[in-house]
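The values are calculated or read from the model by the stated rules, or taken from the named source; none is laboratory data. It should be emphasised that the depicted structure is a prediction, and the values quoted were computed from it without experimental measurement. Glycine gets a Cβ as well: all are built from the backbone with ideal geometry, and neighbour counts include every protein chain shown. Calculation scope for accessible area: heavy atoms of the full protein, side chains included, ligands and nucleic acids excluded. Shrake-Rupley method; radii C 1.70, N 1.55, O 1.52, S 1.80 Å.
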Amino acid sequence: MKTIIKNGTIVTAESEYCADMLMEDGKIKAIGKQVSCEDAEVIDAQGKYILPGGIDQHVHFSFQFNGTSTRGFKTSCAAAAGGTTTVIEFVNQVKGKGLIESVEDYRKKNADGVAAVDYSFHVVMTDPRLEVVEEIPQLAQVGYPVMKLFMAYKGMFFHADDEAILKALLKAKEAGVTVMVHAENADIIDVFQKQLIAEGKTAPYYHAVSRPPVVEAEATRRAIYLAETAGAPLYIAHVTCREAVDEIGAAMARGQSVCGETCSHYLVLDESNLAKPDFEGAKYVCSPALRTPEHLEYLWHGLNLGWLNAVSSDHCGFDWKEQKHMGHGDFRNIPNGAPGLQNRLSVLWTYGVEKGKISRQQLVDLYATSPAKVNGLFPQKGSLCVGADADVVIFDPDYEGTFTVADMLHEVDYCSYEGMEQKGRVDTVFLRGKKVVSNGEYIGNNGDGQWLKGSPFGLLYQS
Ligand code: URP
Ligand code: ZN
Ligand code: ZN
């Protein structure tokens, strides 16, 4: 399959320029002026931007909360529709099984032959026995160079204490495995939650009251000090508040290798959404919680300072009608998470690039290049260079519309950004040279995606 994209503006994390691009056999074959190839399909991208396919390093297709689960890998077509050609999913270590066995079993059962885009996994260590910790270096060899630990969610089987985190950090650094943490102080949350419920404060808004910024800041600082103690790199997932951003900035200033990730919803949605009447606030229950507008502004600032290095979706699709309503009468039972896989690029474009908060180069870095590096996938992924996978987005900056659930392929009964203005949209997407989105419509198939083997030491590669 050969395709030439002509007359577009190619945008990378470093620059932008007008050139033609030839894709052949799934790879970018040539970039230059007047590229030609006899039997190639020619696409005129005049007035459009050519971006690398996005890497969403934080998605949940099988997150379990209160015995209910998010939508599976079959909905990964939403990634493609939104310009994301690689997703990285979380897999919990199964009790009694090893890390690699858990992730490989999950992969065969849930992703192989189903994923619509390329995919990899972060394994979540849930059972930090000695032999499990000893297994961590092998993750690097088999292609899983980032693992996750949950400091939040007290009482749940995947919660990790400081001992587990420190042991993981010490072991992981040997092999170039990066430890990612969900940084929230589980005990403070637990005390606050119990207090609020006892006072009859059961509505979704109290989710945010039970986990104020200090909850995140304390755990972020603790994780950073644990990483410093271990001499290991650290990745902080879904950063939402000024205090946590400052902790990361201070660690970077001390020379620590830390990566801070935020997510699209934390950049544009504030905590007032949680106060929406008739239980609508439950749609916005995610952890950490949405913040006040001052924090949103500071996140954009953090992106510009380089203290936050990636924007993910933390896509976690629970239906509002059935699943979110499990927490009617007790916000603690509302499944945590919100859908957003399909919206990430357009949210960043509309509220970042169009509003002058980030440049197009920054957008590419935050949504594709930097996550590719951290996860050991660069330059195969996240770059538009000759020899890279032909994961390419043709982006139309002239589109104007609104985000709505009717356009979403998430199979969730609401859209986190419903009714919000959207400028620019994904027009065409190629996954390793195969057209999977045309004219804004998804035309790919389940099973188009391939498993990706990540290389270790990704965080050190991050500039
Ligand atoms: O609320 C969220 N973020 N749900 C997904 C699980 C997690 O904590 O990342
Ligand atoms: Zn998390
Ligand atoms: Zn998450």
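Quick one: would you say Asp118 is away from ligand 3 (no atom under 15 Å from the Cβ) and either over 25 Å from Glu135 (Cα atoms) or touching a helix residue (DSSP H, G or I) at 6+ places or on another chain (Cβ under 9 Å) (or both)? Give the derivation first.
Values: away from ligand 3 (no atom under 15 Å from the Cβ): yes; either over 25 Å from Glu135 (Cα atoms) or touching a helix residue (DSSP H, G or I) at 6+ places or on another chain (Cβ under 9 Å) (or both): yes.
The answer is yes for Asp118.
For the structure I just gave you, tell me whether Ala116 is in a loop (DSSP other than H, G, I, E, B) and either at pLDDT below 95 or surrounded by 24 or more Cβ atoms within 10 Å (Cβ to Cβ) (or both).
Yes; evaluated as a whole, the condition is true for this residue.
Among the residues of segment 349-371, are any within 21 Å of Ser455 (Cβ to Cβ) and within 16 Å of ligand 3 (Cβ to nearest atom)?
Yes, segment 349-371 contains at least one residue that is within 21 Å of Ser455 (Cβ to Cβ) and within 16 Å of ligand 3 (Cβ to nearest atom).
Tell me the helices (runs of 4 or more DSSP H) entirely within segment 219-319 that contain at least 3 residues that are in contact with a Leu (Cβ under 9 Å, 6 or more places away or on another chain) and within 16 Å of ligand 3 (Cβ to nearest atom). Quick ask: steps written out before the conclusion?
Working: elements: 242-253, 264-268, 293-305.
Filter on segment 219-319 gives 264-268.
Condition first: open to solvent by less than 20 Å² (accessible area, probe 1.4 Å), outside any loop (DSSP other than H, G, I, E, B) and not polar (S, T, N, Q). Now tell me which residues in segment 41-58 satisfy that. Talk me through it step by step, then tell me what you get.
Step one: of segment 41-58, the residues open to solvent by less than 20 Å² (accessible area, probe 1.4 Å) are 45, 50-58.
Filter once more, keeping what is outside any loop (DSSP other than H, G, I, E, B): 50-52, 54-58.
Residues satisfying the conditions are Ile50, Leu51, Pro52, Gly54, Ile55, Asp56, His58.
One line per residue, one yes/no per condition, for (1) over 25 Å from Phe318 (Cβ atoms); (2) buried (at least 24 other Cβ atoms within 10 Å of the Cβ):
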{"residue": "Ser383", "(1), (2)": "yes, no"}
{"residue": "Asp389", "(1), (2)": "yes, yes"}
{"residue": "Phe395", "(1), (2)": "yes, yes"}
{"residue": "Glu400", "(1), (2)": "yes, no"}
{"residue": "Gly419", "(1), (2)": "no, no"}
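Being crowded, with 18+ Cβ neighbours inside 10 Å, touching a residue at least 40 places away in the same chain (Cβ under 8 Å) and part of a helix (DSSP H, G or I) is the filter; apply it to segment 171-190 and report the residue that is farthest from ligand 1 (Cβ to nearest atom).
Lys173
If you go through segment 303-326 one residue at a time, how many are surrounded by 24 or more Cβ atoms within 10 Å (Cβ to Cβ), farther than 24 Å from Ser210 by Cβ and out of contact with any Gly (no Cβ under 7 Å at 6 or more places or on another chain)?
3
Would you mind telling me which numbered condition in (1) free of Cβ contacts under 8 Å to residues at least 60 places away in the same chain; (2) more than 16 Å from ligand 1 (Cβ to nearest atom); (3) farther than 29 Å from Tyr414 by Cβ Ala232 fails?
Just one mismatch for Ala232, condition (1).
Tell me which residues, restricted to segment 194-210, are open to solvent by less than 30 Å² (accessible area, probe 1.4 Å) and within 24 Å of Thr262 (Cβ to Cβ). Quick ask: steps written out before the conclusion?
To start, the set of residues in segment 194-210 that are open to solvent by less than 30 Å² (accessible area, probe 1.4 Å) comprises 196, 204, 207-208, 210.
Correct list: Pro204, His207, Ala208, Ser210.
Applying the selection to segment 16-40, what residues are open to solvent by less than 80 Å² (accessible area, probe 1.4 Å) and outside any strand (DSSP E or B)?
Ala19, Gly26, Val35, Cys37, Ala40
Of the residues that make up segment 84-94, is at least one among the aliphatic types (A, V, I, L, M), modelled with pLDDT of 95 or more, more than 16 Å from ligand 3 (Cβ to nearest atom) and out of contact with any Ser or Thr (no Cβ under 6 Å at 6 or more places or on another chain)?
No - not one qualifying residue is present in segment 84-94.
Being modelled with pLDDT of 95 or more, surrounded by fewer than 21 Cβ atoms within 10 Å (Cβ to Cβ), in contact with a helix residue (DSSP H, G or I) (Cβ under 9 Å, 6 or more places away or on another chain) and among the small types (Gly, Ala, Ser): is that true of Ala223 here? Before you say what the answer is, go through the steps one by one.
Numbers: modelled with pLDDT of 95 or more: yes; surrounded by fewer than 21 Cβ atoms within 10 Å (Cβ to Cβ): no; in contact with a helix residue (DSSP H, G or I) (Cβ under 9 Å, 6 or more places away or on another chain): yes; among the small types (Gly, Ala, Ser): yes.
No, not satisfied.
Conditions tested, residue by residue: (1) hydroxyl-bearing (Ser, Thr, Tyr); (2) more than 24 Å from the chain's Cα centre (by Cα).
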site	(1), (2)
Met23	no, yes
Ile28	no, yes
Asp39	no, yes
Gln46	no, yes
Tyr49	yes, no
Gly54	no, no
Gln57	no, no
Phe63	no, no
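Could you figure out which of (1) modelled with pLDDT under 95; (2) closer than 19 Å to Asp314 by Cα; (3) open to solvent by 10 Å² or more (accessible area, probe 1.4 Å) isn't true of Pro213?
The number of the failed condition is (1).
Looking at Gly356, Gly329, Gly376, Gly337 in this structure, which one is touching a residue at least 40 places away in the same chain (Cβ under 8 Å), surrounded by fewer than 24 Cβ atoms within 10 Å (Cβ to Cβ), on the phi > 0 side of the Ramachandran plot and more than 16 Å from ligand 1 (Cβ to nearest atom)?
Working: Gly356 fails: touching a residue at least 40 places away in the same chain (Cβ under 8 Å); Gly376 fails: surrounded by fewer than 24 Cβ atoms within 10 Å (Cβ to Cβ); Gly337 fails: more than 16 Å from ligand 1 (Cβ to nearest atom).
Criteria check complete, one pass: Gly329.
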